Structure formats: C-alpha cells, structure tokens
1. Residues to consider are Leu126, Leu89, Leu45, Leu115; find the one that is in contact with a strand residue (DSSP E or B) (Cβ under 9 Å, 6 or more places away or on another chain) and within 19 Å of Arg237 (Cβ to Cβ).
2. From Asp276, Asp266, Asp291, grab the single residue that is open to solvent by 70 Å² or more (accessible area, probe 1.4 Å) and in a helix (DSSP H, G or I).
3. Of all residues in segment 12-60 being under 16 Å from Glu275 (Cβ atoms) and among the charged types (D, E, K, R), which is most open to solvent (accessible area, probe 1.4 Å)?
4. Which count do you get for residues in segment 156-212 that are under 18 Å from Gly255 (Cβ atoms), in a loop (DSSP other than H, G, I, E, B) and small (Gly, Ala, Ser)?
5. Considering Arg227, Arg310, Arg302, Arg287, which residue is without any contact (Cβ under 8 Å) to a residue 24 or more places away in the chain and in contact with a strand residue (DSSP E or B) (Cβ under 7 Å, 6 or more places away or on another chain)?
6. Restricting the search to segment 78-89, which residues are open to solvent by 10 Å² or more (accessible area, probe 1.4 Å) and in contact (Cβ under 8 Å) with a residue 40 or more places away in the chain?
7. What do you reckon, is Leu152 open to solvent by 60 Å² or more (accessible area, probe 1.4 Å), outside any loop (DSSP other than H, G, I, E, B), more than 18 Å from Ala250 (Cα to Cα) and touching a residue at least 24 places away in the same chain (Cβ under 8 Å)?
Amino acid sequence: MSSPPMPAPVSVPVLAEVVRSGFVESRHRGSLVILAADGSVERALGDVTTPVFPRSSNKPMQAAAVLRAGLDLSGERLAIAAASHSGELLHRDLVRRLLAEHGLDAGQLRCPPDLPLDPVEQETYLASGGVRDRIAMNCSGKHTAMLAASALRGWPLSSYTDPDHPLQRLVHRVVEEMSGERVAAVGTDGCGAPLMAITLTGLARAYRSFVLAEPGSAERRVADAMRAHPEYVAGTRRPDTFLMRAVPGALSKMGAEGVQAVALPDGRALAFKVEDGAGRVLGPVLRRALDTLDVPTQALGRSPVLGGGREVGEIRAAF
C-alpha cells in the first residue's frame, strides 16, 4: 500500500529587505495574516495556521487572566501588567508602587534581573550606577500583577510561574478562549513565565476579541487601559506607543523574535512573525500592513540604514 502524499510545504515570503547604498544586502522572510472587520481572513502571506510562540504579544491575555482572578487593576497599573516596558523611571517607579500596595517586594518576583530595554534609558541608568535588577526587567509589571493576583487568591507565591499553577491554568484558558483554538504547546518565555503557542490567525483573532469585548469585561478593560496609557505598555520612544497614540482605538503589542499583533476598533486585525526573529524589521512590515488597511502610519517613522553616521539606505517592506 502506497503512503499518502506529503503536503506541499508552504513557501515563506520575503517580508522585508535591508538596502544599503542601493544594494539589497539582507532579506527577512516571515508570515502575516490580516483579518477583515467580520473576522474572516482578508490576506495571508506564508503559513498563518502553524502555531508560533507569540512571546510578549500574549501579554494582554495574561493581564486579562489576573483580572479574572480578582485582582482590581485599572489605568496605568493595568497597562503595565500587559507591558514590555522600556525600564524608564516612570515604569520602575510604578512597579515599586504596585509591589508596595500589595504588600510584596521585588525579591518575590520570578523574572530575571536585567537592564532597561530602551537603549537610551539603559545608558542613563548605567551612568547613574544602576545594575541589573528585577524591577528594570521589561516584564516586571506582568510579574508583579501575577504575584499580586496569586497573593489575593491565596495561591502559592514561589511557584506562580509554574505551568500547573492555578493562575497559569487560568491564563491558558483565556488564551484558548480569545484565540478560538487550542494551545498547541507550552514553553518558557524569556522572563520565566509560561508561554502558550497559537497560530498567527489565532493571535489576530484574540486581539480582535479584545477590542470588540463588552465594556467592563476583563478583556475590554485590558484593551482600554493599554490604549489609554500606551507609554506604560511600551515606553516614550517605542512604536507600540506611537501607533496607539496616533490611531484612535488601535491596540498594538510587539513580541520578541519578530512578532507583532494589532487590532483596530472596527474589528480588523493583523499578526505577523519574522521567521529569523529580527526585530529590526517590525516597523517596516507593520507600516506596510497598516498601509493596506488605509491606516495612517506617519507616526511610526522610517527605518534608516546608517553608514559612517549618515543615512545610506533603509529597511523596507517587500510585499
């Protein structure tokens, strides 16, 4: 008996090119999905049905889980619970306040000590004598919220990042509900928290679910806080902040290894992943994707390539 034919591999298109002095020196491949306002797939490039790790693009779902657990957060406190913050002073101060408000201390956080994510802030931080610290780590807001929710419920504090912890089982359910699909794999994120794999289509669907959720629901509260306080979701010099400020109602969150998800208030949404994980092409790919949706992207700026301290090219979208 002959074996069934193997499915044809899905080609991975070039999403962006790096052009130096008129010469294309690098190409970055990846996959991208765009959902129409009714939730149907309007455009798909590459493989958008194989699970990926969304990395920090999962954070809105993790923040919704801590609300479902009963933790009462709002405003900038809820925004930083869904953040990959830059480690600026405003972020570090807010995390310290959150810990104190819930009777916790930084030593209980399970995220690793780190330097501020933003390069400008990192230089200032080091010049002032700063060292690697858990509060400066970009996921410290999420970890503080997870720790506080666990304390509120009487759940174990030392193991709040274990996949079988009650809070993480709740995160798992939220991810599946919002994405409309089963979690394909559970890994460990860079911050030490569990990481749930879903498809790019599921990720875009989840963001769409957040912006269309009923007012007052955990998911809508997260979306509203992120959109009202984007500087706490990212930082004062970050594309997520620029986009959410420039486009009313947009919900935007990047993730490590070249992941980005965005939803618009009318239900349109997109998600993409750069195959080689290059974060440098997030901006150009996001600009082109939003251009196809007639969303203004001037706030995102360009991505110049430098030579000798001057602009000699650019990173540009290739689709």
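1. Testing whether each residue is in contact with a strand residue (DSSP E or B) (Cβ under 9 Å, 6 or more places away or on another chain) and within 19 Å of Arg237 (Cβ to Cβ) leaves just Leu115.
2. The conditions single out Asp291.
3. Checked segment 12-60; the qualifying residue most open to solvent (accessible area, probe 1.4 Å) is Arg27.
4. Final tally of qualifying residues: 4.
5. Numbers: Arg227 fails: without any contact (Cβ under 8 Å) to a residue 24 or more places away in the chain; Arg310 fails: in contact with a strand residue (DSSP E or B) (Cβ under 7 Å, 6 or more places away or on another chain); Arg287 fails: without any contact (Cβ under 8 Å) to a residue 24 or more places away in the chain.
Checking each option against the conditions leaves just Arg302.
6. Glu88
7. Working: open to solvent by 60 Å² or more (accessible area, probe 1.4 Å): yes; outside any loop (DSSP other than H, G, I, E, B): yes; more than 18 Å from Ala250 (Cα to Cα): yes; touching a residue at least 24 places away in the same chain (Cβ under 8 Å): yes.
Spelling it out, Leu152 is indeed open to solvent by 60 Å² or more (accessible area, probe 1.4 Å), outside any loop (DSSP other than H, G, I, E, B), more than 18 Å from Ala250 (Cα to Cα) and touching a residue at least 24 places away in the same chain (Cβ under 8 Å).
Per-residue answers, yes or no, for (1) of a type outside the set (A, V, I, L, M); (2) more than 18 Å from Pro60 (Cβ to Cβ); (3) in contact with a helix residue (DSSP H, G or I) (Cβ under 6 Å, 6 or more places away or on another chain):
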site	(1), (2), (3)
Cys139	yes, no, no
Ala148	no, no, no
Arg153	yes, yes, no
Pro163	yes, yes, no
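The values are calculated or read from the model by the stated rules, or taken from the named source; none is laboratory data. Every value quoted in this text rests on a predicted model; they were computed, and no experiment measured them. We place every Cβ from the backbone using ideal geometry, glycine too, and count neighbours over all the protein chains shown. Surface accessibility is based on the protein's heavy atoms, side chains included, excluding ligands, DNA and RNA. Shrake-Rupley method; radii C 1.70, N 1.55, O 1.52, S 1.80 Å.
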